[in-house]
1. Could you report the chain's accessible area per residue, 1.4 Å probe, as an integer in Å²?
2. Hey, any idea what % of the chain's accessible area is carbon plus sulfur with a 1.4 Å probe?
3. How large is ³J(HN,Hα) for each residue in segment 188-197, as worked out from phi by the Karplus curve 6.51 cos²θ - 1.76 cosθ + 1.60 (θ = phi - 60°), to whole Hz, x for Gly and Pro?
4. Measure up LYS86/LYS197; LYS23/LYS265; LYS89/LYS197; LYS350/LYS405; LYS23/LYS405; LYS23/LYS227 against 30 Å on the Cα-Cα distance and list the ones that go over.
5. By the scheme Lys and Arg +1, Asp and Glu -1, what is the net charge of all other residues having a beta-carbon under 15 Å from that of MET272?
6. Taking the Cα centre of segment 43-142 as the origin, how large is its charge dipole in debye, to the nearest 20, when only Lys and Arg (+1) and Asp and Glu (-1) carry charge on their Cβ atoms?
7. Which angle from 0 to 90°, rounded to the nearest 10, does the C-alpha axis of helix 249-264 make with the longest principal axis of the chain?
8. Can you give the charge dipole size of the chain about its Cα centre, rounded to the nearest 20 debye, using +1 on the beta carbon of Lys and Arg and -1 on the beta carbon of Asp and Glu?
Amino acid sequence: MTALTVVVFLVAYLLIATEWTHKLLAALGGAAVLLAVGVTDSEHAFYSHETGIDWDVIFLLLGMMIIVGILRRTGVFEYVAIWAAKRAKGSPLRVMILLTLMTALASAFLDNVTTVLLIAPVTLLVCDRLGISPVPFLIAEVMASNIGGTATLIGDPPNIIIASRSGLTFNDFLIHLTPLVVIELIVFVVVLPRLFKGAFAVDEDRVADVLRLNEREAIQDTRLLIKCGAVLLLVFTGFIGHTVLHIEPAVVALLGAGLLVLISKVPTRHYMSSVEWQTLLFFAGLFIMVGALVRTGVIADLAQAVGEVTNGRPLLATMLILVVSAVLSGVVDNIPYVATMSPVVLELTKTVTDPAHGHALWWALAAGADFGGNATAIGASANVVVIGIALRAGNPISFWEFTRKGVVMTAITIAVAAPYLWLRYFVLS
């Protein structure tokens, strides 16, 4: 059964990585095969936290998707983007810096795919008015999204998986990863002019067009915006204080979504169309396959092998996880990678006596996977979404155009993360 489980998982993973078939078909197909042959069963697949579907992850994503679906109707994202472009006085470089920083900030609290979906159309509008190519701006924004999403538990799906597996809280992510992200964003802003050299020439007549945009016209429903703001404030308060309130983040998100649906009176079709059902089902299939690996002992054996390679040295294990995660997350989507590796890291933490060293392993996985998502055009879901938007707008981004920039940025972010982890958890702890 062990060999069959590994083969089914590798085949599904290959299909996901190469996109020979839709990732949902690969994930659900692999899960179905494992259920059909008896490697796992309904009890383990649907009711076990360790060997089946992680419902906390599913419902946290569902709740936030509904909230964002309603928030989208207010026009607030378009308002903020136009406001930033005007405050930059039409300077392409300042526009890029402001939009990327806003994208990073939004991605810390919203799913990064949702963030780029909302920011990208406005970017296309502003770049069209300035008469410059939007490609560098879109690439910069998706990179900022992947960096900014690292800061919090809800910022990027891999973080949600890590939190669920490790027991780390929303506040843990704020305390440990947010400082690293702030440093990374400072470095990112410094690198931008060099990374996209030659992308900032603009016609002064075009600048005047941007300055004439009225951001207030973007707000479509002020009363709904106030309601959304109030509910989001309650939800974020619940996230931050969930350990004191003893309410899980998934429950907080669902309560917030239910409250907003109740008071907003937005027709069901409008916010339910924003729910990415394919993503949720993809997670379900993936969790079942990974759970089968746990049941058959594959994960425990892999963790033991990694432990033997590092010879019980937590610093070496931390750096190995950081670098390997960055490399592999650039080759395949970082969601299935983290779903696969999180049980491995959990086993490794059991061999570490110092809690700080155990945490370092989790932060290395998060930083490596999230930052590594910038390496290639298929490294993260947000990358694929932005490339699709650019193509439909008549500004195609080639795989190698993205990857040339992405590899450089990933190398820089990992080079910054490595000393941060070393100093904070092995020198100053």
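The values are calculated or read from the model by the stated rules, or taken from the named source; none is laboratory data. Note that this is a predicted model, so its numbers are computed, not measured. All Cβ positions, glycine included, derive from the backbone under ideal geometry; neighbour counts span all protein chains shown. Surface accessibility is based on the protein's heavy atoms, side chains included, excluding ligands, DNA and RNA. Shrake-Rupley method; radii C 1.70, N 1.55, O 1.52, S 1.80 Å.
1. Spelled out: the 1.4 Å probe surface of the chain, per residue, equals 41 Å².
2. 66
3. 3J(HN,Hα) across segment 188-197, in whole Hz: 4, 5, 5, 7, 3, x, 7, 5, 10, 4.
4. Beyond 30 Å: LYS23/LYS265; LYS350/LYS405; LYS23/LYS227.
5. Result for the neighbourhood of MET272: +3.
6. 920
7. For 249-264 against the chain, the angle is about 40 degrees.
8. Dipole about the Cα centre, nearest 20: 1020 debye.
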